[in-house]
There are 2 protein chains.
Amino acid sequence: MASRKSSKPRPRNALYAQSGGVTAVINASALGVIEACRRHRDRIGHLYAGRDGIVGALTEDLIDIGREDPAAIRALRHTPAGSFGSARYKLKDLERDRAKYERLIEVFRAHDIGYFFYNGGNDSMDTALKLSQLGEQLGHSVACIGIPKTVDNDLPLTDCCPGFGSVAKYVAVSTLEASLDVASMARTSTKVFILEVMGRHAGWIAAAGGLAGRKAGDPPHIILFPEIAFDRERFLARVRETVEQRGFCVIVASEGARDADGQFLSDMGTRDAFGHVQLGGVAPTLAAMIKDALGYKYHWALADYLQRSARHIASRVDVEQAYAVGRAAVELALAGKNAVMPVIVRKSSKPYRWKIGSVSIAAVANREKMVPRNYITADGFGITAACRRYLEPLIGGEDYPPFKSGIPVYAKLSNARVRRKLQAFVI
Amino acid sequence: MASRKSSKPRPRNALYAQSGGVTAVINASALGVIEACRRHRDRIGHLYAGRDGIVGALTEDLIDIGREDPAAIRALRHTPAGSFGSARYKLKDLERDRAKYERLIEVFRAHDIGYFFYNGGNDSMDTALKLSQLGEQLGHSVACIGIPKTVDNDLPLTDCCPGFGSVAKYVAVSTLEASLDVASMARTSTKVFILEVMGRHAGWIAAAGGLAGRKAGDPPHIILFPEIAFDRERFLARVRETVEQRGFCVIVASEGARDADGQFLSDMGTRDAFGHVQLGGVAPTLAAMIKDALGYKYHWALADYLQRSARHIASRVDVEQAYAVGRAAVELALAGKNAVMPVIVRKSSKPYRWKIGSVSIAAVANREKMVPRNYITADGFGITAACRRYLEPLIGGEDYPPFKSGIPVYAKLSNARVRRKLQAFVI
């Protein structure tokens with residue numbers, strides 16, 4: 001009986017892209033986007049993904065998510081890394097990279113992309129902002145919504161970044177476990193253990209190592225933050241004091257640790273017995289320093305990609321937040337917003353309660369949030385109670401993937417390509 | 001009504017000691033010993049542990065396990081590393097270290113130790129064997145029972161070694177997760193990823209990385225075993241071929257990888273841009289080699305102690321076997337055996353079924369079990385179906401520890417000291 005409403009907006013298509021270093025939960029954000037789009041088929045037509053992120057968007061290499069096996073899509077919730085492919089590919093400013101921005105708008109127009117969901121960090125938010133502006137200028141309006149993602153936890157205006165909670169949990173658990181190992185053998189074996197973790201600019205991941213200790217004197221005994229200038233003599237004195245008092249010393253070192261001149265420890269190198277420079281990361285540099293000055297037997301570990309892909313020990317809170325920001329991005333777009341990013345808003349720490357808010361992308365782009373000084377102990381080697389109050393809820397809860405034959409069953413997508421409509425574009 | 005049987009043997013005390021590198025499940029073996037001793041209070045009086053293993057036994061620094069909080073004891077099942085302390089302390093042969101062996105017998109006599117349970121690898125079995133022989137000679141009979149433990153899986157005559165299954169699971173899971181990470185970013189970022197794992201002599205742990213791949217072409221693309229002579233040209237050709245075909249290459253390298261002359265890659269060093277020797281482990285050596293010859297962007301991880309302490313991702317089969325060999329050691333002692341070691345006997349692979357057997361320690365001591373050639377593919381870079389059939393059951397099942405505030409709750413023992421009866425002994 002009811003007549004069709006002619007005022008109803010015609011459905012437009014959506015494009016989702018993953019950007020930058022991947023995480024254990026970025027695919028949970030993808031799932032949030034996918035499921036929210038499906039709930040609004042009247043407003044959103046096809047949902048595509050850029051193969052390898054923005055690179056796929058530029059080269060019109062788009063994935064038709066709608067053709068994917070529904071079970072594989074559901075498995076995105078517990079699958080680490082970027083199942084549609086991600087990219088380290090930064091677009092410069094509009095003047096220098098105008099051809100690329102215009103190409104993106106051309107691709108958007110060709111595929112009637114009315115919604116662009118960009119899942120990344122600071123750089124990606126900058127790109128999303130420029131695209132929303134340029135689309136407007138070129139007469140192809142597109143809602144560009146950022147979805148926060150970074151293990152570094154350095155985005156401003158959000159309580160935390162999806163991806164961080166899981167790497168934080170991995171680092172806390174690994175520090176605890178390795179510390180038990182070192183403690184049990186220190187009398188006749190290794191005295192100093194160093195775990196090098198990610199975080200070139202901000203020390204959030206290193207700080208998470210501090211969650212391994214529950215009371216004073218518990219390992220880790222030393223945390224090295226990029227935010228605190230490294231002082232060789234103070235560091236060595238603390239290592240010696242710790243080994244003498246406790247029998248061993250556990251150190252969590254950020255890859256971004258640097259001295260007062262801003263020189264990274266990882267770039268310093270050390271000299272071997274022949275006076276040759278030995279290059280390497282922060283951990284081997286510290287280990288050689290300790291060996292030379294104090295003579296202690298050491299071991300060190302470099303978690304590298306293991307830390308950010310460790311979905312098997314993901315934080316449940318992190319998984320839930322990653323999903324929630326993906327879903328919220330779609331809802332913001334449908335509410336008519338543009339150039340915004342959903343964020344996590346903390347309502348209380350004990351018990352931990354949070355909700356989704358949103359901020360303008362312009363306020364996020366290209367800004368970094370460091371570990372504040374009051375989160376670091378006065379001596380610069382540990383985390384304060386305030387830091388613990390902030391961090392602890394973010395690693396809360398477990399969310400194990402299903403296992404088969406001893407290993408997790410992760411999603412394998414077919415990633416079918418959308419038919420091309422444009423000329424090739426060489427990037 | 002029944003009269004007391006005067007023929008009943010008087011209870012004697014037992015000593016348990018952990019030895020060598022610790023594992024995620026050695027404490028489960030300790031629990032097996034403890035619970036079995038408790039079931040036989042009529043035969044076994046006090047159960048002590050050597051603080052820091054044999055070092056505690058030598059210095060008469062004994063822990064009274066009976067005074068421990070029962071909840072803490074139960075938690076040993078899910079607590080990694082050596083909760084009583086372990087030691088890298090090898091006793092030499094009877095001639096050279098006779099004073100130490102005699103001291104051990106003196107401590108055993110002073111505390112009426114009639115049962116010695118020594119939880120370790122090849123070296124430890126040798127010590128247990130000598131102690132059983134010397135005790136006999138010196139008129140203090142003691143049942144010396146070995147309990148197998150080593151992440152290296154290199155003990156002969158047992159299907160596997162408790163401790164190995166969990167490190168194998170960790171390495172398989174980590175390889176799988178890091179491979180997804182690399183795969184999702186290879187187009188614009190890292191092309192080659194190397195995970196360096198333990199196993200100085202035998203390549204069992206490296207082999208376990210192969211479980212990450214379910215079908216041909218899946219990562220890891222290259223495994224480097226100590227058993228296969230490293231050939232630089234063949235290796236580089238395979239890396240190049242893999243990157244060209246698949247877009248990226250994942251390598252699992254044993255720390256024991258070596259060339260045809262037996263020189264360890266970790267000792268080779270590489271040269272930096274200034275021609276200076278760069279020392280380091282296998283992974284950085286391989287990375288530098290690849291960078292120089294092929295120019296690919298690389299990343300590498302060194303799991304180090306993280307791999308052997310990762311109780312959070314332990315194999316359930318491994319936990320069960322570790323517990324079972326601990327319990328069986330006590331039962332063997334009570335059955336009048338001496339100088340034996342319980343072993344795992346595989347009854348079938350699919351479905352996996354196993355039972356406990358026992359072997360003479362003399363047959364185990366100082367022997368190593370390498371990965372057999374038919375477990376390694378013809379090209380030397382992968383594992384065969386036979387190897388997979390052997391390995392896969394060993395990583396079967398999960399056995400998560402309890403968590404609180406985001407991290408596992410591991411046992412903390414009070415480790416109360418037994419009153420000393422002897423003069424001090426300096427080691």
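Among the residues of region B:92-100, none qualifies, meaning not one is hydrophobic (A, V, I, L, M, F, W, C) and either closer than 30 Å to B:LEU306 by Cβ or buried (at least 18 other Cβ atoms within 10 Å of the Cβ) (or both).
Residues in region A:328-341 include at least one that is within 17 Å of A:CYS161 (Cβ to Cβ), at pLDDT 95 or above and part of a strand (DSSP E or B). Of all residues in region B:362-385, those being under 22 Å from B:ARG238 (Cβ atoms) and of a type in the set (A, V, I, L, M) number 5. The residues on offer are B:LEU176, B:LEU134, B:LEU195, and the sole one that is more than 14 Å from chain A (Cβ to nearest Cβ) and of a type in the set (A, V, I, L, M) is B:LEU134. Looking across region A:35-61, the residues that are surrounded by 17 or more Cβ atoms within 10 Å (Cβ to Cβ) and assigned to a loop (DSSP other than H, G, I, E, B) come down to A:ARG43, A:ARG51, A:ASP52, A:GLY53, A:THR59, A:GLU60, A:ASP61.
Within region B:205-238, being out of contact with any strand residue (DSSP E or B) (no Cβ under 9 Å at 6 or more places or on another chain) and away from every other protein chain (no Cβ under 14 Å) holds for B:ALA216, B:GLU233, B:ARG234, B:LEU236, B:ALA237. For region B:204-218, a residue qualifies if it is under 21 Å from B:GLY396 (Cβ atoms) and not basic (Lys, Arg), and the qualifying residues are B:TRP204, B:ILE205, B:ALA206, B:ALA207, B:ALA208, B:GLY209, B:GLY210, B:LEU211, B:ALA212, B:GLY213, B:ASP218. Taking region B:239-250 as the range and being in contact (Cβ under 8 Å) with a residue 40 or more places away in the chain and more than 13 Å from chain A (Cβ to nearest Cβ) as the test, the residues that pass are B:VAL239, B:ARG240, B:VAL243, B:CYS249.
In region A:289-317, which residue that is buried (at least 24 other Cβ atoms within 10 Å of the Cβ) and of a type outside the set (A, V, I, L, M, F, W, C) is farthest from the other protein chains (Cβ to nearest Cβ)? Out of the qualifying residues, it is A:GLN307.
Scanning region A:62-98 for residues that are more than 14 Å from chain B (Cβ to nearest Cβ), touching a Phe, Trp or Tyr at 6+ places or on another chain (Cβ under 9 Å) and outside any loop (DSSP other than H, G, I, E, B) yields A:LEU62, A:ASP64, A:ILE65, A:GLY66, A:ARG77. Among the conditions (1) touching a Ser or Thr at 6+ places or on another chain (Cβ under 7 Å); (2) more than 14 Å from chain A (Cβ to nearest Cβ); (3) of a type in the set (A, V, I, L, M); (4) surrounded by fewer than 19 Cβ atoms within 10 Å (Cβ to Cβ), B:ALA386 misses just one, which is (1).
The values are calculated or read from the model by the stated rules, or taken from the named source; none is laboratory data. The structure displayed is predicted, hence computed values, not measured ones. All Cβ positions, glycine included, derive from the backbone under ideal geometry; neighbour counts span all protein chains shown.
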